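Notes to accompany the following structure.
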Amino acid sequence: GDNDTTHLATSTDGVTFEYEGVACDQARFQAATGISSRVFYARVSRHESPSERGPYVMTFMASFFEPKSEDEPDMHGLYAAWSHDGRTWKVEPQPILRQSDLGPSEYVCAPYLFSWNGRHHIYYHRDVSGTVIPGKGVTDTYRIEVDADLRPIGPQELVCRRQAFGDDNLRASDPCPFVEGDTLYLFSSVGARLNQKIGLTKAPAAQALG
């Protein structure tokens, strides 16, 4: 759908899905934060909040701007919404990351909650637009440690440079990490936006996750 709405569909077999309506949208975000924004790049995880916000959390990107152009938004942030049933969602008004945490003409996108050994991180990508690097724009993958209620408790950390997939590669985006055995695997979208491939990097979990 449009970028101002995140929709919901359910399945009993992972193949056939039934549409169930809107999970979160611009109006619900504005009611919680006072800001009119897009609500997109959402990912949902089972995650128990210690303050009983719910056993499900949705992490998503918000983009609120006075249009200069579609390629130059004024403000971006990463937010969360919580649910007790996976269907009805309540937006947390405080952002995980906000524009003031970023550089000029830079935005964050595609947050992914990853938990391991009692610690929690939000993985995401940071994109510097072509207004700073004409005709190019570059993207790397980062993470930030959060507490169990998804409040930041650590600095932003560079996880995967775009050059991991070639010196001329412009983007390593949309991270999807997981651990199997003693190894951390990180899937990424690689290459120019809308013309991407899937890339994979890996590292010893104890070394990569501390």
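Please work out which one of (1) of a type outside the set (A, V, I, L, M, F, W, C); (2) more than 23 Å from Ser37 (Cβ to Cβ); (3) within 18 Å of the chain's Cα centre (by Cα) is the condition Asn195 fails and give its number.
(3)
Inspect region 85-92 for any residue being of a type in the set (Lys, Arg), closer than 21 Å to Asp147 by Cα and not in a loop (DSSP other than H, G, I, E, B) and give the result as yes or no. Please lay out each step first, then the result.
So in region 85-92, the residues of a type in the set (Lys, Arg) come out as 87, 90.
If we keep only those that are closer than 21 Å to Asp147 by Cα as well, we get 90.
Within this subset, residues satisfying the condition of being not in a loop (DSSP other than H, G, I, E, B) are 90.
Within region 85-92, one or more residues are of a type in the set (Lys, Arg), closer than 21 Å to Asp147 by Cα and not in a loop (DSSP other than H, G, I, E, B).
Take the residues in region 155-180 that are surrounded by fewer than 19 Cβ atoms within 10 Å (Cβ to Cβ) and in contact (Cβ under 8 Å) with a residue 24 or more places away in the chain; name whichever of them is farthest from His121 (Cα to Cα).
Only one residue fits best here, namely Ala164.
Could you figure out which of (1) surrounded by 20 or more Cβ atoms within 10 Å (Cβ to Cβ); (2) not in a strand (DSSP E or B) isn't true of Ser51?
(1)
Checking Met58 against (1) of a type outside the set (Lys, Arg); (2) surrounded by 15 or more Cβ atoms within 10 Å (Cβ to Cβ); (3) modelled with pLDDT of 95 or more; (4) more than 17 Å from Asp4 (Cα to Cα), which test does it fail?
Going through (1) of a type outside the set (Lys, Arg); (2) surrounded by 15 or more Cβ atoms within 10 Å (Cβ to Cβ); (3) modelled with pLDDT of 95 or more; (4) more than 17 Å from Asp4 (Cα to Cα) one by one, Met58 breaks only (4).
The values are calculated or read from the model by the stated rules, or taken from the named source; none is laboratory data. Source: prediction; values computed, not measured. All Cβ positions, glycine included, derive from the backbone under ideal geometry; neighbour counts span all protein chains shown.
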